[in-house]
Amino acid sequence: MREGANMSEPAKTKKGLIVSPIENGTVIDHLPPGKAIKIAEILSLLQPGSVVIMGQNLKSTKYGKKDLIKVEDRYLTGEEYNKIALVAPNATVNIIRNFEIQEKRKVSVPDVLEDVALCANANCISNKERIPSRLYTVSRDPLVMVCHYCNFEFKGEELRLKG
């Protein structure tokens, strides 16, 4: 599958939208509308010198509307995949090399999150002392987590990612 024809000629999708291709890097697709900026901030993508292309409220045949992020010359870590899954559980991450999709992955919320997010219980020991947080996934839809240390159960919207 080609990500784009070549750099001097923008790729045209079957719907006629013009999308700038990237030669090498990562495309984070199928983000909920309005989440691209939040995910770019969580992943620290908006650094001086970084080439980042964001599309917001794009048409999607599967979801109606979606956001999209393209990042040149950057590949994600496992921890970053987990962070995306917590904010956008239906996201797809495409690895691009030489303008072609080399790998396509769906993100998923892992069974255990270690040192990625904070317990929602302000009195939890993991929020008071320098110990890594550990959260277990109780449910993925809707997202419900429970803390390893204090057994506090909370919903995904209460989740705070570590910065």
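Here are some notes:
- Subset of region 75-103 [touching a Ser or Thr at 6+ places or on another chain (Cβ under 8 Å) and buried (at least 16 other Cβ atoms within 10 Å of the Cβ)]: Leu76, Ala85, Pro89, Val93, Asn94, Ile95, Ile96
- Residues in region 137-154 that are in a strand (DSSP E or B), at pLDDT 95 or above and not hydrophobic (A, V, I, L, M, F, W, C): Thr137, Ser139, Glu153.
- The sole residue among Asn127, Asn121, Asn57 that is touching an Asp or Glu at 6+ places or on another chain (Cβ under 8 Å) and either under 17 Å from Pro33 (Cα atoms) or surrounded by 13 or more Cβ atoms within 10 Å (Cβ to Cβ) (or both) is Asn57.
- Region 130-160, residues that are within 18 Å of Lys38 (Cβ to Cβ) and either surrounded by fewer than 17 Cβ atoms within 10 Å (Cβ to Cβ) or free of Cβ contacts under 8 Å to residues at least 40 places away in the same chain (or both): Lys155, Glu157, Glu158, Arg160
- Given (1) closer than 21 Å to Leu31 by Cα; (2) of a type outside the set (S, T, N, Q); (3) touching a Leu at 6+ places or on another chain (Cβ under 9 Å), number of the condition His148 does not satisfy: (1)
- Annotation note: Cβ proximity below 7 Å between a residue of region 22-36 that is under 16 Å from Gly64 (Cα atoms) and a residue that is aromatic (Phe, Trp, Tyr) (sequence gap 6+ or interchain) occurs for His30/Tyr63.
- Scanning region 114-163 for residues that are under 18 Å from Val87 (Cβ atoms) and touching a Cys at 6+ places or on another chain (Cβ under 7 Å) returns Cys119, Ser133, Leu135.
- Scanning region 42-77 for residues that are touching a residue at least 40 places away in the same chain (Cβ under 8 Å), part of a strand (DSSP E or B) and over 14 Å from the mean Cα position of the chain (by Cα) turns up Leu58, Lys59, Glu72.
- Restricting attention to region 109-127, the residues that are assigned to a loop (DSSP other than H, G, I, E, B) and touching a residue at least 24 places away in the same chain (Cβ under 8 Å) total 10.
- One residue alone among Ala85, Ala117, Ala91 is modelled with pLDDT of 95 or more and small (Gly, Ala, Ser), and that residue is Ala91.
The values are calculated or read from the model by the stated rules, or taken from the named source; none is laboratory data. Source: prediction; values computed, not measured. Using ideal geometry, Cβ is built from the backbone for each residue, glycine included, and neighbour counts are taken over all protein chains shown.
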